[in-house]
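A quick write-up on the structure given underneath.
The values are calculated or read from the model by the stated rules, or taken from the named source; none is laboratory data. Since the structure is predicted, the reported quantities are computational estimates derived from the model, not experimental observations. A quick note on method: Cβ atoms are made from the backbone with ideal geometry, for glycine too, and the neighbour counts reach across all protein chains shown.
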Amino acid sequence: MSFGIMKVERKPQSFEFYREILKSAKYFLAPMVDQSEYAWRVLSRRYGAQVCYTPMINARMFADRNGQRYRDEIWSTGEGDRPLIVQFCANDPESLLNAALRVQDHCDAIDLNLGCPQHIARRGHYGAFLQDEWDLIYNLINTLHKNLSIPVTAKIRVFPDVDKTIRYAKMIESAGAQLLTVHGRIREQKGHKTGLADWEQIRRVKEALNIPIIANGNILYFENIEQCIRMTSVDGVMTAEGNLYNPAIFANINPPIWQMAEEYLEICQHTPTRIPYIRGHLFKIFRPALSIHTDIRDSLAKVNKLEEFVELTKEMKRRLLIDVEKHKQEDNVDVDEKGYKIFPHWLCQPNIRTLKDEPSIEEHKRRDERTVQDDADEQETLSNAMDIFNEL
């Protein structure tokens, strides 16, 4: 597919883009489906996030001439929301370009999602499920590179073979990507038992490429950010879950959970935010206390108005201040036998996932293959059912 190439004025490239536009940022807020919306970005920037990404946006739906409702729901920005990178998922260069053209005047770069490992990405044929279609990926990135007035970036997952990962990353660089984020997990590592990200692969990619590299994975605490930069020599570090459970992670503090909830809700009062987004954020912020105050957990699942979330937060704060008074001696942060910090339940803290039953890479692949077969069986069943229906 060919496009009429637009005349694009010279735009900053590679490290020029990183230094002049991104201000040599070290702390990147990840693109998160339904979670890195404008209100959350405002809160995250308040506590040290230097570059923020939008949630992943479906390029085809965003570019659709009848897609105004989707655009209104998924896209918003405002004062102070820069540097900002808008992330799209796509498998068609034309719809991707049309979507990007709608926002290029309101952001600093367009990112292509090549890392989403979820079933919705498999069925939609995007994200990490494009990673074996190098010609298509090249065309997607190169189309943006040639036709946009701002840089294009990409976010990938690694292959089991580091040499293949390096070849993959170099191809993306050659297509015109000016910055690359590398999530150090393979496509099959997803869900609640993701395993550790491979920082060594990220280090090798950084060593081999000539554009800024951002590392993603294994960030629980602020010191992990410093450790990652030291071990991989990357230009910056991105976190998703580390930020969701502690929005102040980049500021190297673990504030009271009610404080983060109050600040977020105050922002939402001035920034229209969808109720599912608010609920999702509060579940993660409140997570350490919800196993104790289970009635608040139950109420959080049911309320549907901003004022109700505010009242729940007030009640959580009231109870936790009592807990703080009762357990003053527990203010100190201990470390368990595995080296994880033990925080009192009223402080923001990471969600620690056990690794003891982590499947091997081969087992991840077998499970993924079974899922593919299950999807195929489901489609065949639906097709057979429709055939029977049509014969009636």
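Would you check if there is a residue in the range 98-114 being out of contact with any strand residue (DSSP E or B) (no Cβ under 9 Å at 6 or more places or on another chain) and touching a residue at least 60 places away in the same chain (Cβ under 8 Å)? Looking for residues that are out of contact with any strand residue (DSSP E or B) (no Cβ under 9 Å at 6 or more places or on another chain) and touching a residue at least 60 places away in the same chain (Cβ under 8 Å), one finds none in the range 98-114, hence no. Taken as a whole, the structure places GLN118 among residues that are touching a residue at least 12 places away in the same chain (Cβ under 8 Å) and surrounded by fewer than 23 Cβ atoms within 10 Å (Cβ to Cβ).
The set of residues in the range 296-320 being farther than 22 Å from PHE343 by Cα and either part of a helix (DSSP H, G or I) or of a type in the set (D, E, K, R) (or both) consists of ASP298, SER299, LEU300, LYS302, LYS305, LEU306, GLU307, GLU308, PHE309, VAL310, GLU311, LEU312. The conditions of being in a helix (DSSP H, G or I) and either without any contact (Cβ under 8 Å) to a residue 12 or more places away in the chain or under 21 Å from the mean Cα position of the chain (by Cα) (or both) are not met by LYS146. Could you check, for the range 58-72, whether at least one of its residues is of a type in the set (Gly, Ala, Ser), in a helix (DSSP H, G or I) and closer than 16 Å to GLY176 by Cα? Within the range 58-72, none of the residues are of a type in the set (Gly, Ala, Ser), in a helix (DSSP H, G or I) and closer than 16 Å to GLY176 by Cα.
Provide a single number: the residues in the range 45-57 that are within 13 Å of the chain's Cα centre (by Cα) and assigned to a loop (DSSP other than H, G, I, E, B).
Within the range 45-57, residues that are within 13 Å of the chain's Cα centre (by Cα) and assigned to a loop (DSSP other than H, G, I, E, B) number 3.
Looking across the range 150-164, the residues that are in contact (Cβ under 8 Å) with a residue 12 or more places away in the chain and not in a strand (DSSP E or B) come down to ILE150, PRO151, VAL158, PHE159, PRO160, VAL162. Which condition does THR294 not pass, out of (1) modelled with pLDDT of 95 or more; (2) surrounded by 11 or more Cβ atoms within 10 Å (Cβ to Cβ); (3) hydroxyl-bearing (Ser, Thr, Tyr), if it passes all the others? Unmet for THR294, out of (1) modelled with pLDDT of 95 or more; (2) surrounded by 11 or more Cβ atoms within 10 Å (Cβ to Cβ); (3) hydroxyl-bearing (Ser, Thr, Tyr): (2). Does VAL42 fit the bill of being at negative phi and in a strand (DSSP E or B)? It is false that VAL42 is at negative phi and in a strand (DSSP E or B). Any chance the range 325-348 includes a residue that's modelled with pLDDT under 85, closer than 30 Å to TYR277 by Cα and either among the hydroxyl-bearing types (Ser, Thr, Tyr) or assigned to a helix (DSSP H, G or I) (or both)? Within the range 325-348 (the criterion being modelled with pLDDT under 85, closer than 30 Å to TYR277 by Cα and either among the hydroxyl-bearing types (Ser, Thr, Tyr) or assigned to a helix (DSSP H, G or I) (or both)), the answer is no, since none of the residues qualifies. Taking the range 185-210 as the range and being surrounded by fewer than 22 Cβ atoms within 10 Å (Cβ to Cβ) and either more than 18 Å from the chain's Cα centre (by Cα) or in a helix (DSSP H, G or I) (or both) as the test, the residues that pass are TRP199, GLU200, ARG203, ARG204, LYS206, GLU207, ALA208, LEU209, ASN210. Checked against (1) without any contact (Cβ under 8 Å) to a residue 40 or more places away in the chain; (2) of a type in the set (A, V, I, L, M, F, W, C); (3) crowded, with 21+ Cβ neighbours inside 10 Å; (4) more than 24 Å from TYR277 (Cα to Cα), PHE88 passes all but a single condition, namely (4). Looking across the range 6-44 at every residue that is surrounded by fewer than 20 Cβ atoms within 10 Å (Cβ to Cβ) and of a type in the set (Lys, Arg), the one that is nearest to PHE222 (Cα to Cα) is identified as LYS26.
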